[in-house]
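Following: one structure in structure tokens, then a few remarks.
The values are calculated or read from the model by the stated rules, or taken from the named source; none is laboratory data. Fair warning: this is a prediction, and the values are worked out from it, not measured in the lab. When we count neighbours, we look across all protein chains shown, and the Cβ atoms used for this are built from the backbone with ideal geometry, even at glycine.
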Protein chains: 2
Amino acid sequence: MSEVSTETRTSAIAEFRNAIVGHLGSDVILDDPDRLAPYLIERRSLYHGSAPFVLRPRDTAEVSAIVRHAARLEIPIVPQGGNTGLVGGQIPMDGEVLLSLDRMTAIADVNVDGSCVTVEAGAILSDVHEAADAVGLMFPVSLASKGSARIGGLISTNAGGVGVLAYGNMRDQILGLEVVLPDGRIWNGLRALHKDNVGYDLKHLFIGAEGTLGVVTRAVLKLVPKPHVLDVAMVGVESPATALTLLSMMRAALADALTAFELIPAIGLEIVSRHKPDTRQPFAETPPWAVLIEASTFLPERPMRDVLEQVLMRAYEQGIVSDAVVSQSLGEARELWQIRELMSESQGVLGGSIKHDVSVPVAEVPAFLAEATAAALAVIPGARPVPFGHLGDGNIHFNISQPEGADKAAFLGRWAEMNEAVHAVVRRYGGSIAAEHGVGRMKRDLLPTVRDEVELDMMRAVKDAFDPKGLMNPGRLLPAR
Amino acid sequence: MSEVSTETRTSAIAEFRNAIVGHLGSDVILDDPDRLAPYLIERRSLYHGSAPFVLRPRDTAEVSAIVRHAARLEIPIVPQGGNTGLVGGQIPMDGEVLLSLDRMTAIADVNVDGSCVTVEAGAILSDVHEAADAVGLMFPVSLASKGSARIGGLISTNAGGVGVLAYGNMRDQILGLEVVLPDGRIWNGLRALHKDNVGYDLKHLFIGAEGTLGVVTRAVLKLVPKPHVLDVAMVGVESPATALTLLSMMRAALADALTAFELIPAIGLEIVSRHKPDTRQPFAETPPWAVLIEASTFLPERPMRDVLEQVLMRAYEQGIVSDAVVSQSLGEARELWQIRELMSESQGVLGGSIKHDVSVPVAEVPAFLAEATAAALAVIPGARPVPFGHLGDGNIHFNISQPEGADKAAFLGRWAEMNEAVHAVVRRYGGSIAAEHGVGRMKRDLLPTVRDEVELDMMRAVKDAFDPKGLMNPGRLLPAR
């Protein structure tokens, strides 16, 4: 689009606006700057959005009409859900028009016998949780921003969150999709089938595509039975390697009832107690590493706590676990989870923090942590790694806090340099540099460092096949050619 | 390819052969007719194969070399695994060259901590089962042809089988893939990550693509903990609708421990006792429908049988279940499974049978069965439907046996007409006409009856993006233009 003059673009946008108003009425357009502002703000202030106006269609037919006009006039479109993305995927700039799904919030057809629900892309995650709960079922994807994140965005980023170990990512919850394609046509893939092998399974193309292949407008989501009881343990271990051994033991004993296995370093326990001194500390003496283990049980009759305690006893006898606390009530379970949940926020007590959204194969986590720590310290001696998170998924939040007494701004100024050092280790272990948050604008230019030319060609071939004009969320997910 | 003269084709094939021999030696080529024959036989004799020779590469580099030469000389390639497909996908004809993966059988890197294994496409399913079992884990996809089916074929058809309710289809077991693309380049997507959102998730394109987008050469498969105990019940119910109510109750109580829920009609129980009179019959009086329920438990401590019996008691009190038998030993569990497993084979006692590989949304199974039965009887009055199978997946084997005393050949001669009547009902319920076995050559021309023009265009766009010359398993999966 860079060759189009500003004048031509302005005139095309005016024509686009007129076409939309003529077709759908002015009610779908929002251009009052005050009401526009929240759509353009990125929560970490890394991207500064701008847009001539926001389009707020009420249904799929309106999305289709909008995209059809945009295709004809070659107007680039940025779809947006709850605006909780962290990589600049949903923030319009450079004359892009924002398409918000926030009016399409219907949650219809909660189907108990079929264990599924049909929702519009703008439905908020916590509303989907409530709709499932109301019929005694559960939608298992959950994350911190559940009160604002919308289903379309969760699908387009293949969101992860705290339930991945037991239930998988967003991708694993989707039976069918409806998508408005870049030419405005509607693909009706809203199927509710568990077995279907009629041609290519196209829905997987759009899941995690960050809106670059079309606009997800509706989805059929799977629902699962609701667990009745949670048992949580916090245990001390010597190292990530012993934590991994414990993970294998827990998996063998609890199988799919093991619903969380989270790693926390000693420094993580310490900052939580500094940040929130009234947090109950589980250990008399802080161990080198802690693990939070959760077992979910679907029946009161299932003695999962006994199993959990038996495995911990065996692990203790084998010297794998140094100390352990098992919750005796839901209240105690929540107290233990609180330590894990305070990790991010508590890092503030150490000053600035450089973050990495990475994953490696589960079995490689201990070696990765050792090497990534060494690499980080080689870049900034005295920096304090606070690696924590989903050991069971191989997804560790590898956050690096500044050296004690260092200048925060100077430390954060070395963000890219630190990223590069850590990503180099991720690459050596066949890991991902975009585990949960996607690529967006932030990481698009890093793709050639983690994907070979064959794979980049394949991705470009897919993009060209669906969006030959490059108008759907341009400049996101794929590097410029 | 139809415009290429036979002479040109013959000369291209000779040139192709020379290029392969020059590059890889004659050992990769098999052209002795006796040794060739088994590769060309289709087990139901619906397709009669022919091929100038079979290529049997020993590794991915050899597959790549072969495909590169084929692309240059425009030779169509048909990949084949265990040759167990039922829709003509793997049978070469019309001058197509067969590429067998049967030499690439390595099962490497069984990774206990990471719960995964890397296998070559030619590995036989039962060998993968054994490799997982040897380290105390399980690979959960299983089906009747497990002793010959190979991983590459199972991936390319997204195979289902008896573990789908608890573990999902083949697609759900795959962490990473290696594929030789139609131009001969190798895509290394052999990742072992549980969280990875770096660009489009390309592996899903190849799963279920029936070899039309490239040749799957290796895969990283997930492994799961091995269940320790199986409890099986066989119960009598009044109708598919009451079976569905029981399914909801069992799901709520057993959750993911419910690993099978199979529907059997009264006529199914009767033909099993006629076909194998020494099979132990579970019921004193044959109920209108029976359901086989399996609960798998990972721990001896888990009292799953108690839960199963409690739910059955409740269902009995509510009039949902008329009669029930619960296995008291593994031997009894096997006896109950045997009834289900004998269904297909026992249909022979009724004469000829017309089959349908269909699925509908789980909640729609009762209505579908009523209408499909009426539709079948309208085509052939007196025909005897024997619908049985995976109610929990919405996947019923809707088999129709001939009327008593009818002429078998005349009955089977109306296969297409019967299919059309049943498929019309499947379509009304938003179901699939290719639930487990794929499309192949058999159903490619039916695609326009179940997929709209938008979706067919999308599939063609994908095919053209990866295989613009149309040389990879041509004429399978997609209808001719």
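Looking across A:ALA461, A:ALA383, A:ALA424, A:ALA378, one residue alone is more than 14 Å from every other protein chain (Cβ to nearest Cβ), modelled with pLDDT of 95 or more and under 30 Å from B:SER64 (Cβ atoms). It is A:ALA424.
Selection of region A:315-365 for residues being within 30 Å of A:GLY413 (Cβ to Cβ), in a helix (DSSP H, G or I) and within 14 Å of chain B (Cβ to nearest Cβ) yields only A:VAL365. I'd like the residue in region A:428-438 that is farther than 16 Å from A:MET170 by Cα and either of a type in the set (A, V, I, L, M, F, W, C) or assigned to a loop (DSSP other than H, G, I, E, B) (or both) and, out of all such residues, is farthest from the other protein chains (Cβ to nearest Cβ). Per the criteria, the residue is A:TYR429.
So that you can scan it fast, the table gives a plain yes or no per residue for (1) at pLDDT 90 or above; (2) surrounded by fewer than 24 Cβ atoms within 10 Å (Cβ to Cβ):
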position: A:LYS226; (1), (2): no, yes
position: A:LEU254; (1), (2): no, no
position: A:THR259; (1), (2): no, yes
position: A:ARG274; (1), (2): yes, yes
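Considered as a group, the residues in region A:277-312 that are among the polar types (S, T, N, Q) and part of a loop (DSSP other than H, G, I, E, B) include one that is modelled with the highest pLDDT, and that residue is A:THR286. Does A:LEU292 satisfy the condition of being buried (at least 17 other Cβ atoms within 10 Å of the Cβ), under 19 Å from A:GLY163 (Cβ atoms) and away from every other protein chain (no Cβ under 14 Å)? When the stated conditions are applied, A:LEU292 passes them.
So which residues in region B:319-332 are at pLDDT 90 or above, in contact with a Leu (Cβ under 8 Å, 6 or more places away or on another chain) and not hydroxyl-bearing (Ser, Thr, Tyr)? B:ILE320, B:VAL321, B:ALA324, B:VAL325, B:VAL326, listed by residue number. Across region A:156-171, the qualifying residues are those that are part of a helix (DSSP H, G or I) and modelled with pLDDT under 95, and the one among them that is farthest from the chain's Cα centre (by Cα) is A:ALA166. State whether one or more residues within region A:191-201 are surrounded by 24 or more Cβ atoms within 10 Å (Cβ to Cβ), within 11 Å of chain B (Cβ to nearest Cβ) and assigned to a strand (DSSP E or B). No, region A:191-201 contains no residue that is surrounded by 24 or more Cβ atoms within 10 Å (Cβ to Cβ), within 11 Å of chain B (Cβ to nearest Cβ) and assigned to a strand (DSSP E or B). In region A:202-210, is there at least one residue being within 7 Å of chain B (Cβ to nearest Cβ), of a type in the set (D, E, K, R) and out of contact with any helix residue (DSSP H, G or I) (no Cβ under 7 Å at 6 or more places or on another chain)? Looking for residues that are within 7 Å of chain B (Cβ to nearest Cβ), of a type in the set (D, E, K, R) and out of contact with any helix residue (DSSP H, G or I) (no Cβ under 7 Å at 6 or more places or on another chain), one finds none in region A:202-210, hence no. Yes or no: B:ALA370 under 24 Å from B:ALA260 (Cα atoms), over 24 Å from the mean Cα position of the chain (by Cα), more than 14 Å from chain A (Cβ to nearest Cβ) and not β-branched (Val, Ile, Thr)? Spelling it out, B:ALA370 is indeed under 24 Å from B:ALA260 (Cα atoms), over 24 Å from the mean Cα position of the chain (by Cα), more than 14 Å from chain A (Cβ to nearest Cβ) and not β-branched (Val, Ile, Thr). Among the residues making up region A:439-466, those that are of a type in the set (A, V, I, L, M) and not in a helix (DSSP H, G or I) are A:VAL439, A:MET442. Assigned by TED's automatic domain parsing to the domain that holds B:PHE206 and touching a residue at least 60 places away in the same chain (Cβ under 8 Å): does that describe B:SER142? Answer is no for this residue. Has region B:81-101 got any residue that is out of contact with any Ser or Thr (no Cβ under 9 Å at 6 or more places or on another chain) and at positive phi? Yes, there is a match, as at least one residue in region B:81-101 is out of contact with any Ser or Thr (no Cβ under 9 Å at 6 or more places or on another chain) and at positive phi.
Of note, A:ARG451 satisfies the criterion of being basic (Lys, Arg) and closer than 20 Å to B:ALA465 by Cα. The set of residues in region A:252-271 being over 24 Å from the mean Cα position of the chain (by Cα) and either under 19 Å from B:VAL112 (Cα atoms) or in contact (Cβ under 8 Å) with a residue 60 or more places away in the chain (or both) consists of A:ALA252, A:ALA253, A:LEU254, A:ALA255, A:ILE267, A:LEU269, A:ILE271.
Candidates are the residues of region A:95-137 that are aliphatic (A, V, I, L, M) and surrounded by fewer than 17 Cβ atoms within 10 Å (Cβ to Cβ); the one that is nearest to A:ARG43 (Cα to Cα) is A:ALA106.
For region B:101-155, filtering for residues that are outside any strand (DSSP E or B), within 14 Å of another protein chain (Cβ to nearest Cβ) and of a type in the set (D, E, K, R) leaves 2. One residue alone among B:ALA416, B:ALA375 is in contact (Cβ under 8 Å) with a residue 24 or more places away in the chain and among the aliphatic types (A, V, I, L, M), and that residue is B:ALA375. Please determine whether any residue of region A:472-481 is surrounded by fewer than 16 Cβ atoms within 10 Å (Cβ to Cβ), part of a helix (DSSP H, G or I) and over 20 Å from the mean Cα position of the chain (by Cα). No, region A:472-481 contains no residue that is surrounded by fewer than 16 Cβ atoms within 10 Å (Cβ to Cβ), part of a helix (DSSP H, G or I) and over 20 Å from the mean Cα position of the chain (by Cα). Regarding B:GLY392, is this residue out of contact with any Asp or Glu (no Cβ under 6 Å at 6 or more places or on another chain), modelled with pLDDT under 95 and buried (at least 16 other Cβ atoms within 10 Å of the Cβ)? When the stated conditions are applied, B:GLY392 passes them. Scanning region A:41-66 for residues that are under 19 Å from A:VAL215 (Cα atoms) and either touching a Pro at 6+ places or on another chain (Cβ under 7 Å) or assigned to a loop (DSSP other than H, G, I, E, B) (or both) returns A:ALA51, A:PHE53, A:ARG56, A:PRO57, A:ARG58, A:ASP59, A:VAL63, A:ILE66. A:LYS469 fulfils the conditions (1) assigned to a loop (DSSP other than H, G, I, E, B); (2) at the interface with chain B (Cβ under 9 Å from one of its Cβ atoms) except for a single criterion, (2). Give the number of residues within region A:366-384 that are part of a helix (DSSP H, G or I) and of a type in the set (Val, Ile, Thr). Here the count works out to 2.
Scan region B:441-455 for residues that are under 14 Å from A:ASP201 (Cα atoms) and charged (D, E, K, R) and jot them down. Across region B:441-455, the qualifying residues are B:ARG451, B:GLU455. Within region B:79-100, the set of residues being among the β-branched types (Val, Ile, Thr) and not in a loop (DSSP other than H, G, I, E, B) comprises just one member, B:VAL97. Being modelled with pLDDT of 95 or more and more than 30 Å from B:PHE411 (Cβ to Cβ) is a property that B:ILE267 lacks.
Against the conditions (1) surrounded by fewer than 17 Cβ atoms within 10 Å (Cβ to Cβ); (2) in a loop (DSSP other than H, G, I, E, B), B:GLU270 satisfies every one except (2).
crowded, with 20+ Cβ neighbours inside 10 Å and within 14 Å of chain A (Cβ to nearest Cβ): is that true of B:THR245 in this structure? Criteria not met by B:THR245.
The set of residues from region B:439-458 being over 14 Å from B:GLU210 (Cβ atoms), of a type in the set (A, V, I, L, M) and more than 7 Å from chain A (Cβ to nearest Cβ) comprises B:LEU446, B:LEU456.
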